[in-house]
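The values are calculated or read from the model by the stated rules, or taken from the named source; none is laboratory data. Source: prediction; values computed, not measured. A quick note on method: Cβ atoms are made from the backbone with ideal geometry, for glycine too, and the neighbour counts reach across all protein chains shown. These area figures cover heavy atoms from the full protein model, side chains too; ligands, DNA and RNA do not enter into them. Shrake-Rupley method; radii C 1.70, N 1.55, O 1.52, S 1.80 Å.
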Amino acid sequence: MQTKNENDPREQALADLEYIKHLTFRSRQYASESSPYFILWGVIWVIGFGSMAFGWKEYANWIWGVLSVAGLAVNFFIAAQQEKRDPMPRLISKQFAKIWVSFLVIVGLFIVLLSTGFLAFEFSYIGLYAVILIAVMYVLLGVVLGKQILLMGIWLGILASVTAIWLMPYSSIIFAIFGGGSLVVTGLILKRWRHEHERG
Amino acid sequence: MSEADLNKIDDLIHAKARLGIMSLIMTYGKCDFTFLKKKLSLSDGNLGTHIRKLEEAEYIRVEKTFANRKPKTVCYPTEKGEKAYQRYICALEDMLYMSKGNEKA
């Protein structure tokens with residue numbers, strides 16, 4: 001190993017550790033890598049909630065069904081491409097697995113509350129519940145992926161709360177413009193940020 | 001720092017390129033040849049030689065497959081390799097700890 005003083009074991013050990021850190025440190029900008037997902041799901045929200053806001057509620061099942069399947073397919077394709085290009089460290093993969101299990105537990109509890117009547121269920125509430133669950137998912141993912149994702153989760157949580165308390169009749173248009181819109185804008189900012197990071 | 005402490009340093013891992021290979025394989029769980037080459041900025045021949053040394057020492061397991069008709073070499077850590085790497089890190093920590101103690105004395 002190249003060191004300042006090769007005879008000094010401490011210098012040598014420090015140089016080794018520095019080299020290991022340099023190679024394995026989480027230098028990947030996970031938040032910026034998530035830009036395509038933000039844009040994808042932002043566009044889906046704008047189309048899905050937008051179509052409900054413009055009165056196509058009778059087709060809502062079909063619209064959301066098609067959008068969800070298409071969104072998941074594109075989502076998995078992007079994830080596979082990213083993994084191929086730059087694999088994820090073991091530790092992060094393990095943390096991800098724990099986060100998805102935690103999220104599934106939360107979704108399961110949500111379903112139990114809905115099916116037992118502890119949580120009110122109406123067709124018009126589906127969008128609100130979906131936004132709440134996605135806010136929870138972003139907050140959980142933010143623990144591993146960084147503060148940008150965490151902040152998005154907090155923002156969606158605030159948006160869902162304000163809508164539920166004061167603006168429920170306008171929920172579809174709010175989630176389309178402010179929910180979907182903020183996802184798209186964040187995705188574009190992160191994309192630009194990534195390009196700047198790669199250049200500089 | 002006694003000679004015994006220095007002897008704890010595993011020469012097979014200590015070479016910069018092999019330390020890099022082991023660190024990346026331990027971090028990612030598995031690494032293909034192209035990924036290692038990119039991360040470590042080594043030539044094909046140089047990387048191949050270091051991989052072979054680690055494989056001969058049974059520190060890593062090498063799998064050669066084909067992906068889209070192109071040969072693909074993937075390296076995995078073995079149990080022996082994982083233990084050796086952990087011992088190496090502990091030895092580095094000991095070296096730092098001991099030299100810090102010597103400074104105080």
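Taking 10 °C and 1.306 mPa s as the conditions, I'd like the Stokes-Einstein D for the stretch A:94-200 in µm²/s, using the Kirkwood hydrodynamic radius from alpha carbon pairs.
On the way: Rh = 15.2 Å.
Reported coefficient: 104 µm²/s.
For A:S115, the solvent-accessible surface computed with a 1.4 Å probe is close to 90 Å², ligands and nucleic acids excluded. Charging the Cβ of each Asp and Glu at -1 and of each Lys and Arg at +1, and nothing else, the dipole of the protein assembly as shown about its Cα centre rounds to 600 debye. When the residues A:V66, B:V62, A:V162, A:V143 are ordered by accessible surface, computed with a 1.4 Å probe over the protein chains alone, the sequence from largest down reads A:V143, A:V66, A:V162, B:V62.
Remark: the stretch B:19-28, residue by residue, has Karplus-estimated 3J(HN,Hα) of 4, x, 4, 4, 4, 5, 5, 5, 6, 9 Hz, where x stands for each Gly or Pro and the curve is 6.51 cos²θ - 1.76 cosθ + 1.60 at θ = phi - 60°. Note that the stretch A:70-77 has calculated 3J(HN,Hα) couplings of 4, x, 5, 4, 5, 4, 5, 4 Hz, one per residue in order, obtained from phi through the Karplus relation 6.51 cos²θ - 1.76 cosθ + 1.60 (θ = phi - 60°); glycine and proline are x. Relative to the longest principal axis of chain A, what angle (0 to 90°, nearest 10) does the C-alpha long axis of helix A:9-24 take? Helix A:9-24 sits roughly 30 degrees off the main axis of chain A. Candidates A:L188, A:I92, A:V105 compared by Cα position along the dipole of the stretch A:30-199: farthest toward the positive end lies A:I92, with charges placed on Cβ.
With a 1.4 Å probe and all protein chains in place, put A:F54, A:F77 in order of accessible area, largest first.
Descending accessible area places them as A:F54, A:F77.
Annotation: amide H-H contacts under 5 Å for B:I60 (H modelled 1.01 Å from N, sequence separation of 5 or more, or interchain): B:E55, B:T78. Excluding same-chain neighbours fewer than eight residues apart, the aspartates and glutamates reachable from A:K191 by a Cα-Cα span under 13 Å are A:E33. What is the angle, in °, between the Cα long axis of helix A:181-199 and the longest principal axis of the Cα atoms in chain A? Nearest 10 is fine, range 0 to 90. In chain A, helix A:181-199 runs at an angle near 20 degrees to the longest axis. Per-residue accessible area (protein heavy atoms, 1.4 Å probe) orders A:W64, A:W155 as A:W155, A:W64, starting from the largest.
Over the stretch A:128-200, with every protein chain in place, what whole percent of the accessible area is carbon and sulfur at 1.4 Å, could you tell me?
On the way: 2810 of 3920 Å².
That fraction is 72 percent.
I need the calculated FRET efficiency for the pair B:E79 and A:F76, taking r as the beta carbon distance and R₀ as 35 Å, to the nearest 0.05.
Numbers: r = 33 Å, r/R0 = 0.93.
Between B:E79 and A:F76 the formula returns 0.60.
A simple rule links phi to the HN-Hα coupling: the Karplus curve 6.51 cos²θ - 1.76 cosθ + 1.60 with θ = phi - 60°, which for the stretch B:51-64 gives 4, 4, 4, 5, 5, 5, 7, 6, 7, 9, 10, 10, 10, 10 Hz, with x for Gly and Pro. Using C-alpha pairs below 8 Å separated by at least 6 residues, the relative contact order for the stretch B:1-87 is 31 percent. For B:K72, the residues whose modelled amide H falls within less than 5 Å of its own, excluding neighbours fewer than 5 places apart on the same chain, are B:T65, B:F66, B:A67. Note on A:W193: accessible area is roughly 90 Å² with a 1.4 Å probe, heavy atoms of protein only.
Taking amide H atoms as placed 1.01 Å from N in the peptide plane, the amide H of B:D32 lies under 5 Å from those of B:C75, each 5 or more residues away in sequence or on another chain. The A and B chains share an interface that buries close to 2100 Å² of accessible area, total over both sides, probe 1.4 Å.
Heavy-atom accessible surface of the stretch A:30-121, averaged per residue, reaches 62 Å², computed with a 1.4 Å probe. For the stretch A:150-200 and the stretch A:120-143, write down the distance between their C-alpha centroids in whole Å. Each part reduced to its Cα centre gives a spacing of 13 Å.
Once you've got the Cα coordinates, tell me which of A:K21/B:K30; B:K16/B:K72; A:K21/B:K64; B:K39/B:K70; B:K16/B:K38 are over 27 Å apart. Please list the in-between numbers first.
On the way: A:K21/B:K30 18 Å; B:K16/B:K72 24 Å; A:K21/B:K64 29 Å; B:K39/B:K70 21 Å; B:K16/B:K38 15 Å.
Long pairs (Cα-Cα over 27 Å): A:K21/B:K64.
The dipole here belongs to the stretch A:118-200: it is taken about the Cα centre, uses +1 on the Cβ of Lys and Arg and -1 on the Cβ of Asp and Glu, and is about 320 debye. Within the straight-line cut-off of under 17 Å between alpha carbons, the aspartates and glutamates reachable from A:K57 are A:E122, sequence neighbours fewer than 8 places apart in one chain being disregarded.
Computed over the stretch A:1-138, relative contact order equals 14 percent, with contacts defined as Cα pairs under 8 Å that lie 6+ residues apart. A:H22 exposes around 140 Å² of accessible area when a 1.4 Å probe is run over every protein chain in place.
For a test of the definition: using alpha carbon positions, the gyration tensor, and the 1.5 limit on a/c, classify the stretch A:67-107 as rounded, prolate or oblate. Judged from the Cα gyration tensor, the stretch A:67-107 comes out oblate (a/c at least 1.5, b/c at or above a/b).
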